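First comes the structure, then the notes that go with it.
Since every read-out is calculated from the coordinates, none of them should be taken as a lab result. Being a predicted model, the structure only gives us computed values, none of them experimental. A quick note on method: Cβ atoms are made from the backbone with ideal geometry, for glycine too, and the neighbour counts reach across all protein chains shown.
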Amino acid sequence: MKWLDRLEEIFITFLIAAATLVIFVAVVHRYASGLHLGAVQDWLLTIHMSWAQELCIILFVWMAKFGAAYGVRQGVHVGVDVLVNRLPADKRRIMIFVALGAGVLFTAIVAILGARMVWENGLAYVTLSTLGLDTGDHYEGPTTPDLEWPTWAVYLAVPLGSSLMCFRFIQVLMTFYKTGDLPHHDHGHVDGLDEVEPLEVQVGHKS
Amino acid sequence: MSALVIFGLLTVLMLTGMPISIALGLTVLTFLFTMTSVPIEAVALKLFTGIEKFEIMAIPFFILAGNFLTHGGVAKRMINFASSMVGHWYGGLGLAGVIACALFAAVSGSSPATVVAIGAILLPAMVKAGFPKNFGAGVITTSGALGILIPPSIVMVMYAVATNSSVGALFMAGVIPGLMLAGFLGFTTFYRAKKFDYPRQPKATGAQRFKAFRDSVWGLLLIVVVMGGIYTGIFTPTEAAAMSAVYAFIVAVFVYKDMSLKDVPKVLLNSASMSAMLLYIITNAVMFSFILTNENIPQSLADWMLAQGMGAIVFLLIVNVLLLVAGNFMEPSSIVLIFAPILFPMAMKLGIDPIHFGIIMVVNMEVGMCHPPVGLNLYVASGITKMGITELTIAVWPWLLTMLVFLILVTYVPMISTWLPHMMGLM
């Protein structure tokens, strides 16, 4: 499963970098095309970046769905653990199974709901017509306003991301069953603290 | 009736310790399957469209910007700057801690990370200079929470999203309360240091001050990029966030050289994962508030409250107590996303200013970070100081009390929050 882990990481890293770049370029373009630069300005004016916002949203929604799955194996998703942590070990173990089970259940339901939505919003039409079959009641489905991409392709993030997340919950559940370990995320982690030289102060100086 | 079922179910699910996002989602699904006629397809669509707003996308950008600058090197520069300015006063290093925390928290966007970064560098120095350990721990734990009040603030974006308020106005509204709270915490620090005659540092020369300022100014300019960009209308808040992320990347890699290019993917990945977690809570919270609105719950609660003849003063008192209690169990983003949609309509009926109400919520979140049993700042502070939670709670109380006094002030004096955005014509 190493390849899947790696792919997931590369994918979400790419998405956040791409979204940042898209908005950066769109903003720079908006101001640069207002400058009097002769031919360069003419060229800039021929480019339209009105789709940047929409693309940024799509990139981030995909990042959110797949990042949430990555977050499960990193233990990023926080819950209310005040009560659970005060239980005796055996009861705590049961509660953790319940909590992880709830994660599996919810993400599985969402994956199914999402898949049905995508299927009925155009995937069915595309699949059936590609295969040369009768498309029946299925229709082509709407497209996004600016980029004019089919919405089913965009919404595919929901079933795919949620399936992966469900799989991650099952993985964490299995690991917990076998070893009793849960992934734990350190919210206060700061890089580079070891490299910093101690602050110089004057000892016990009073005025 | 349905209100009781919804909140009862949510509470039970949350107490099992499952992620808050999952608890919200399961509550919505259970309710949909059993008690209402809302088509389930509407929910599937909400899963995608719930976060399809450009304003929300400021969150990942701000997290990314913050992560680039969440580095020991940046913390050190800010501490140097702060201590060169105020180190020679009573409680100088403590005051420097308050200022460094305020600056670092505003730039990094994370309260726990601020406590760790500033605390790890400043606390050993304070102990060495002759301050008692619990004095330093109290200062850093509480000042670390300043970040969610001083813009750019992710919690404010959450509030803006949940209530359709203006991000720009909220950011501007946070400036004066943020500076005031830093002043209040600083005063408590100064007063106690003077009372117990803690050591002072020699006064820094003008040249030292200038050098410290020049070193730290690159990080601080991030706040200028965001606030200046939004206020002058050069950027929308989300664009400002994206620009600040690019700016932070350039400062971290090419100016400060705290990290090399090969560290960048790791920062991107961590930021993506942190943002995805928040966006996942938002998605499910949007569904949750959709159900609440669909069942008319906030509206009927508001009507009920008016029928009881409850005024703004009593209402705000109840809100503060409720949020402080909630702060015992959950982290700020979840609280804002769950409570804002319920409380906001009531506040509107009582004629409370939406921006002022947002600031009240944010200050409540700050207090919640610093008190037991769940204050995240306490936990990370306990980690770096090797002090127990009980011991830390005692160390923190003078500053916590200061924060509570400040909370009352902000709650009942709307001017503190609304004056600046009014002056700037943002509301």
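Descriptive notes on the structure:
- In chain B, the longest principal axis of the Cα atoms and the axis of helix B:167-195 are about 50 degrees apart.
- B:G72 sits among other residues whose Cβ lies under 11 Å from its own Cβ, and their net charge, with Lys and Arg +1 and Asp and Glu -1, is -3.
- Translational diffusion coefficient (Stokes-Einstein; Kirkwood radius from C-alpha pairs) of the stretch A:41-87 at 4 °C, 1.567 mPa s, in µm²/s: 90
- Selection of trypsin sites (Lys or Arg not before Pro), the stretch A:106-207, meeting DSSP coil and at most 11 other Cβ within 10 Å: A:K206
- Kyte-Doolittle mean at least 0.5 and Cα axial length at least 18 Å: DSSP H helices in chain A: A:2-32, A:52-74, A:89-118, A:157-179
- Average projected area [Cα convex hull, chain B], square nanometres: 21.0
- Label zone (B:R214, point 7 Å along Cα-to-C-beta; backbone nitrogen cut-off 16 Å) within the stretch B:104-118: none.
- Computed Rg/Rh of the stretch B:50-138, alpha carbon atoms with Kirkwood Rh: 1.11
- Using the alpha carbons alone, the radius of gyration of chain A stands to its Kirkwood radius in an Rg to Rh ratio of 1.14.
- Check: the stretch B:1-156 dipole with +1 on Lys, Arg Cβ and -1 on Asp, Glu Cβ, in debye: 560
- Where GluC sites (Glu not before Pro) fall in DSSP loop in the stretch A:112-153, at most 14 other Cβ within 10 Å: A:E140, A:E148
- Rounded to the nearest 20 debye, the dipole size of chain B about its Cα centre is 1600 debye, using +1 on the Cβ of Lys and Arg and -1 on the Cβ of Asp and Glu.
- Label zone at A:K91, where the point sits 7 Å out along the Cα-to-Cβ direction: the stretch B:1-30 residues whose backbone N lies under 14 Å: B:16-17
- Once the Cα gyration tensor of the stretch B:145-280 is diagonalised, semi-axes √(5λ) in Å: 30, 23, 16
- Take the Cα of B:W304, step 7 Å toward its Cβ, do the same at B:K386, and the gap between the two points is 5.2 nm.
- Across the alpha-carbon atoms of the stretch B:144-224, the computed radius of gyration and Dmax are 17.1, 50 angstrom.
- Counting charges near A:A68 (Lys, Arg +1; Asp, Glu -1) among other residues having Cβ under 13 Å from its Cβ returns a value of +2.
- Sum of side-chain charges, B:M259 neighbourhood, beta-carbon under 13 Å (Lys, Arg +1; Asp, Glu -1): -1
- Rh by Kirkwood over Cα pairs, then Stokes-Einstein D for the stretch B:222-307 at 0.890 mPa s and 25 °C, µm²/s: 149
- Relative contact order, percent, the stretch A:1-133 [alpha-carbon distance under 8 Å, six or more residues apart]: 23
- Cα-based helix-to-principal-axis angle, B:40-49 vs chain B, degrees rounded to 10: 30
- On the basis of the beta-carbon distance and an R0 of 30 Å, A:Y139 and B:F33 show a calculated FRET efficiency of 0.65.
- With a simple spin-label model that places each label point 7 Å from the Cα along the Cα-to-Cβ direction, the separation between B:V5 and B:N296 comes to 1.6 nm.
- Label sites at B:V405 and B:I250, each approximated as a point 7 angstrom past Cα along Cα to Cβ, lie 4.4 nm apart.
- A:A18-B:T205 FRET efficiency (beta carbon distance; Förster radius 45 Å; 0.05 resolution): 0.40
- For the listed residue pairs B:K128/B:K203; B:K133/B:K211; B:K266/B:K386; A:K65/B:K262; B:K76/B:K266, the alpha carbons are over 20 angstrom apart in B:K133/B:K211; B:K266/B:K386; A:K65/B:K262; B:K76/B:K266.
- For chain B, the longest principal axis of the alpha carbon atoms and the long axis of helix B:354-369 meet at an angle near 60°.
- Helical runs assigned H by DSSP (4 residues or longer) give chain B a calculated mean residue ellipticity at 222 nm of -25500 deg cm²/dmol, each run adding -39500 (n - 2.57) before division by the residue total.
- Viscosity 1.002 mPa s, 20 °C: Kirkwood-radius Stokes-Einstein D of the protein assembly as shown over Cα pairs, µm²/s: 84
- The protein assembly as shown, dipole about Cα centre (Lys/Arg Cβ +1, Asp/Glu Cβ -1), debye to the nearest 20: 2160
- The chymotrypsin sites (Phe, Trp or Tyr not before Pro) of the stretch B:327-427 include none that meets both criteria, a DSSP state outside H, G, I, E and B (loop) and at most 15 other C-beta atoms within 10 angstrom of the site's C-beta.
- Percentage, to the nearest whole number, of Cα pairs in the stretch B:362-408 over 12 Å apart: 58
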